[in-house]
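The structure appears below as structure tokens.
Laboratory data are not the source of any read-out in this text; all were calculated from the coordinates shown. All figures in this text were calculated on a predicted structure; none of them were measured in a lab. Here Cβ is always computed from backbone atoms with ideal geometry, including for glycine, and neighbour counts include all displayed protein chains.
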């Protein structure tokens, strides 16, 4: 029987992953977190849902010194770390998994957390385990899409992409806290072939994303891709990532708070997560349930002519929050089925195919389209 532990398994992302992996044969899935009662309730619900896996609760706190001992005693095949926000976390869970002989995946989107995971490469190789960080929308899915579109280019100059959440879609505290932690904070982005400084929720602009998604407000946000992609795509000269609230009022409100933080008139905005959740709840009936993602590549085509290829993903019915879980589900299935066995620690860059993503996303109603234009 394959044993998988999902850290934060009763949270928004963890529960979704647990339900999907429960379709596999001969699996024991531990739902783990600090609150044993919530873990037990989640297991009870999943065990009654007709899935094939057996679910068991585990009380586990990643900040306790007995973490490695607990993981070792469970004799795990795989640990999936979904317990964000990852901003400010270290790699203690991944290190404990290596010592316990367990493969490890996480859904981190924090730049330092994901980019520094390769520091554990030698230890993971010695331990014979797979360690992958950022198994989520970024850089997991974004790298897969860009790798696919690259076949249409002889030279790649610019990547400009955005994540566009639906206002009516559910957003967890950890996700919101992570976004707020960047607002007004300095970080580097890649422009004109070199790194330059920007700030979280700076460079305010609007952009039209087609008839379905319409016009959205955008602002800068820090992600691992801003450091990983200039290394992965050496010819790249400009890299821009932005995100935005669907409702202009909420987007501009956050922009205003970010400016106050930038001027040191407010502390880190992550501490205001409960306030922003209450504000968002007041406007939940407005906007739409349509979320999406857009990745635009510019450069020269195979004939040397200027070209732009834009990939747009549409997530209807508020299903957008499922997207970050799909890369983790793909790699977890591979590990459980022993199709991913090469040991080592790395960010999630090009580790699955777009077809694998579509096999999970398609039945949910998630779809994407590609447009090619000149210059």
The ratio Rg/Rh over the Cα atoms of the stretch 68-114, Rh being the Kirkwood inverse mean 1/r radius, stands at 0.98
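Calculated from DSSP H runs of 4 or more alone, at -39500 (n - 2.57) each and per residue, what is the 222 nm mean residue ellipticity of the chain, nearest 500?
The helix contribution divided over the chain gives -9500 deg cm²/dmol.
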Using alpha-carbon positions, the gyration tensor of the stretch 285-364 gives root eigenvalues a ≥ b ≥ c; with a/c under 1.5 called rounded, otherwise prolate if a/b exceeds b/c, else oblate, the class is oblate
Between the alpha-carbon centers of the stretch 160-232 and the stretch 64-90, tell me the distance in whole angstrom. 29
DSSP beta bridges in the chain, what fraction antiparallel, as a percent rounded to 5? 55
Given the Cα-Cα distance of residue 338 and residue 66 and 0.36 nm per residue of separation, how much length would full extension add, in nm? 95.1 nm
Given labels modelled 7 Å from the Cα in the Cβ direction, how far is it in nm from residue 44 to residue 211? 4.9
Contact order relative to length of the stretch 1-98, as percent, for alpha carbon pairs under 8 angstrom and 6 or more apart: 33
Starting from the Cα gyration tensor of the stretch 21-100, take the square roots of the eigenvalues, sort them a ≥ b ≥ c, and report rounded, prolate or oblate (rounded when a/c is under 1.5, otherwise prolate if a/b is larger than b/c, else oblate). prolate
At what distance in angstrom do the alpha carbon centres of the stretch 315-336 and the stretch 239-279 lie from each other? 27
So how tilted is helix 12-21 from the main axis of the chain? Cα-based, degrees 0 to 90, rounded to 10. 60
What relative contact order, as a whole-number percentage, does the stretch 4-48 give when Cα pairs under 8 Å and 6 or more residues apart are counted? 43
Could you compute the FRET efficiency for residue 59 and residue 300, with r as their C-beta to C-beta distance and R0 at 45 Å, rounded to 0.05? 0.20
Please give the contour-minus-distance gain from residue 90 to residue 119: 0.36 nm per residue of separation, less the Cα-Cα distance, rounded to one decimal in nm. 9.3 nm
Would you mind computing, in nm to one decimal, how far apart the modelled labels at residue 284 and residue 1 are, each placed 7 Å from Cα along Cα→Cβ? 3.7
Modelled label-to-label distance, residue 373 and residue 353, 7 Å Cα→beta-carbon offset: nm? 3.1
FRET efficiency for residue 34 and residue 170 from the Cβ-Cβ distance with R0 = 25 Å, rounded to 0.05, comes out at 0.70
